[in-house]
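Questions regarding the structure given below will be posed in turn.
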Amino acid sequence: MTPYEIIYKKRNGGELSAAEIKWFIASYTSGAMPDYQTSALLMAIFLKGMTPQETTELAMAMMNSGKVFDLSDIPGIKVDKHSTGGVGDKVSIILAPMVAAAGVPVPMVSGRGLGHTGGTLDKLESIPGFRTNLSYDEFRHTLARIGLAMMGQTPDLAPADKKLYALRDVTATVDCIPLIAASIMSKKLAEGADGLVLDVKTGSGAFMQKQQEALDLTRTMTAIGQGMGKKMKALITDMNQPLGRAVGNALEIEECVDCLKGKGPDDLMELTYALGAEMLVMGERAGDAESGKRILEQIVSSGQGLEKFREMVAAHGGEVKVADDYKKVLPQAKHVIEAKAEISGYINSMDNREVGMAGVFLGCGRLKMDDVIDPSAGFIFERRIGDQVKAGETMAKVLYNDEQKGQEAVRRLVKCISISENKPEVVKLIKEII
Ligand code: URA
């Protein structure tokens with residue numbers, strides 16, 4: 001086999017065999033296949049697509065490029081959740097302790113902020129001392145001891161994905177369904193869970209802006225997981241506005257603690273319960289989603305969810321007082337300004353990608369790989385789509401440390417929130433369950 005033959009076949013719309021895909025991934029991971037030929041193949045895949053069989057083979061080859069975690073000696077059906085990414089999406093941090101407290105083990109390998117979207121690892125690391133760079137052994141022991149563990153992708157977990165992702169990022173081949181599906185699933189399959197609940201986002205703040213694209217991605221990822229013998233369930237959910245009220249790392253941790261104390265915003269709780277209920281069904285702790293939701297409500301009202309969160313923070317070396325008095329523990333921004341409505345009316349829509357980018361610019365994310373995050377910066381939204389607002393009233397608060405960035409964030413937020421005379425239709429948060 002040669003790279004030339006494989007590129008030529010895909011360029012002409014051919015279907016690559018399992019052997020060709022395995023050879024390509026092994027050659028690229030080892031460094032034998034150069035970036036210029038791999039880029040050509042990625043672009044051919046982008047333009048010609050992949051069959052479901054090819055996509056599954058690609059995910060499997062990428063998974064097998066590194067270590068595949070074996071969690072089989074840890075009792076119980078292990079279930080993880082994956083979100084395709086959004087703005088203010090802190091669900092994992094609320095849901096993992098709740099589901100673990102209900103008796104379903106949650107092994108979770110999470111990511112950092114990507115583009116305009118926030119990352120679970122960055123949020124967790126705003127808790128002083130919290131370590132996400134666990135070793136494989138620490139991950140396994142933490143999972144076995146407290147029922148959940150959260151870590152980042154290690155160099156030996158799906159290394160082919162790490163290399164390919166960096167190349168896709170600079171060759172305009174990221175937004176390609178087979179490549180996204182194989183990338184996400186290779187990591188999720190390598191982490192050793194028995195089942196996976198997907199939260200596939202759609203809307204202005206999602207990578208898949210159109211619902212049909214989100215549906216295609218869902219079907220592709222579900223087929224890969226099922227082909228590997230994993231239990232799969234997916235929710236397609238709205239990302240046309242931030243989830244909850246907080247956007248920004250420490251602010252989102254504060255909101256997570258509020259949720260675990262039963263004081264979370266409705267939309268965030270609705271989605272957390274819906275995803276968590278599916279995890280309990282998958283983990284055979286609930287017969288159906290309705291009873292799963294009731295179990296989780298009880299976990300929150302009894303304080304067991306917050307207690308498990310405390311255990312999680314302690315097990316990862318973080319300051320446990322965050323669960324009691326987060327203002328004393330988490331970094332706090334020095335200044336607050338308000339983004340005010342310029343006209344009266346109803347919040348009609350938000351350019352949620354731009355909300356995320358305004359946050360990145362403020363310091364919640366990275367514009368360059370080596371940028372340092374400002375964990376205290378962010379937004380608190382006081383209005384949502386459909387809410388009435390009068391000219392001069394606050395739509396969102398901007399918390400900042402850098403005066404120029406704070407002022408710029410206010411300007412950007414005001415510009416990307418559109419106000420109309422008429423009340424818009426209610427946006428459904430959970431669009432489909434697959
Ligand atoms: N997240 C991933 O892990 N991979 C992609 O390709 C896109 C989003």
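The values are calculated or read from the model by the stated rules, or taken from the named source; none is laboratory data. Nothing here was measured: the structure is a model prediction, and the numbers come from that model. Don't worry about glycine lacking a Cβ; one is built from the backbone with ideal geometry, like all the others, and counts go over all protein chains shown. Only protein heavy atoms, including side chains, enter the accessible area calculation; ligands, DNA and RNA are left aside. Shrake-Rupley method; radii C 1.70, N 1.55, O 1.52, S 1.80 Å.
Tell me which residues, restricted to region 54-112, are of a type in the set (A, V, I, L, M, F, W, C) and open to solvent by 30 Å² or more (accessible area, probe 1.4 Å).
Once the filter is applied, which keeps residues that are of a type in the set (A, V, I, L, M, F, W, C) and open to solvent by 30 Å² or more (accessible area, probe 1.4 Å), region 54-112 yields Met60, Val68, Ile77.
What are the residues in region 124-140 that are on the phi < 0 side of the Ramachandran plot and either assigned to a loop (DSSP other than H, G, I, E, B) or among the basic types (Lys, Arg) (or both), if any? Talk me through it step by step, then tell me what you get.
Applying the first criterion (on the phi < 0 side of the Ramachandran plot) to region 124-140 yields 124-128, 130-140.
Glu125, Ser126, Ile127, Pro128, Phe130, Arg131, Thr132, Asn133, Leu134, Ser135, Arg140, listed by residue number.
Quick one: which of Arg112, Arg168 is closer than 22 Å to Gly205 by Cβ, in a loop (DSSP other than H, G, I, E, B) and within 14 Å of the ligand (Cβ to nearest atom)?
Numbers: Arg168 fails: in a loop (DSSP other than H, G, I, E, B).
Just one listed residue meets the conditions, Arg112.
Residues that are farther than 20 Å from Ala358 by Cα and touching a Leu at 6+ places or on another chain (Cβ under 9 Å): which strands (runs of 3 or more DSSP E) entirely in region 375-434 hold 3 or more of them? Steps first, answer last, please.
Numbers: elements: 378-381, 394-400, 417-420, 430-433.
So the answer is 430-433.
Okay, residues lined up against (1) assigned by TED's automatic domain parsing to the domain that holds Arg384; (2) modelled with pLDDT of 95 or more; (3) more than 16 Å from Met239 (Cα to Cα); (4) among the β-branched types (Val, Ile, Thr):
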residue: Ile337; (1), (2), (3), (4): yes, yes, yes, yes
residue: Lys340; (1), (2), (3), (4): yes, yes, yes, no
residue: Asn348; (1), (2), (3), (4): yes, yes, no, no
residue: Gly365; (1), (2), (3), (4): yes, no, yes, no
residue: Met369; (1), (2), (3), (4): yes, no, yes, no
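Just one of (1) away from the ligand (no atom under 14 Å from the Cβ); (2) open to solvent by less than 20 Å² (accessible area, probe 1.4 Å); (3) out of contact with any Pro (no Cβ under 7 Å at 6 or more places or on another chain); (4) of a type in the set (A, V, I, L, M, F, W, C) trips up Met228, so point out which.
Going through (1) away from the ligand (no atom under 14 Å from the Cβ); (2) open to solvent by less than 20 Å² (accessible area, probe 1.4 Å); (3) out of contact with any Pro (no Cβ under 7 Å at 6 or more places or on another chain); (4) of a type in the set (A, V, I, L, M, F, W, C) one by one, Met228 breaks only (2).
Considering only region 73-109, how many residues are within 12 Å of the ligand (Cβ to nearest atom) and either assigned to a loop (DSSP other than H, G, I, E, B) or of a type outside the set (Val, Ile, Thr) (or both)? Step through it out loud before you land on a result.
Here is the first cut: in region 73-109, the residues within 12 Å of the ligand (Cβ to nearest atom) are 82-86, 109.
Then keep just the ones that are either assigned to a loop (DSSP other than H, G, I, E, B) or of a type outside the set (Val, Ile, Thr) (or both); that gives 82-86.
Looking only at that region, the number is 5.
Do you know which residues across region 146-165 are within 13 Å of the ligand (Cβ to nearest atom) and open to solvent by less than 20 Å² (accessible area, probe 1.4 Å)?
If the condition is that a residue be within 13 Å of the ligand (Cβ to nearest atom) and open to solvent by less than 20 Å² (accessible area, probe 1.4 Å), then Gly152, Leu157, Ala158, Ala160, Asp161, Leu164 are the ones that fit.
Looking at Ser301, Ser291, can you tell me which residue is closer than 20 Å to Leu95 by Cα and open to solvent by 60 Å² or more (accessible area, probe 1.4 Å)? Spell out the reasoning first.
Working: Ser291 fails: open to solvent by 60 Å² or more (accessible area, probe 1.4 Å).
When all the criteria are applied, what remains is Ser301.
Restricting to region 172-215, name every residue that is modelled with pLDDT under 90, touching an Asp or Glu at 6+ places or on another chain (Cβ under 9 Å) and more than 9 Å from the ligand (Cβ to nearest atom).
Within region 172-215, just Met208 meets the criteria.
Go through region 269-308 and give me each residue that's of a type in the set (Asp, Glu), outside any helix (DSSP H, G or I) and touching a residue at least 12 places away in the same chain (Cβ under 8 Å).
The answer is Glu284, and nothing else.
If a residue must be basic (Lys, Arg) and crowded, with 20+ Cβ neighbours inside 10 Å, how many such residues does region 349-366 contain? Don't jump to the end; show me each part of the working.
Taking region 349-366 as the starting set, the residues that turn out to be basic (Lys, Arg) are 353, 366.
When the remaining residues are screened for being crowded, with 20+ Cβ neighbours inside 10 Å, the result is 353.
Residues that pass the stated criteria total 1.
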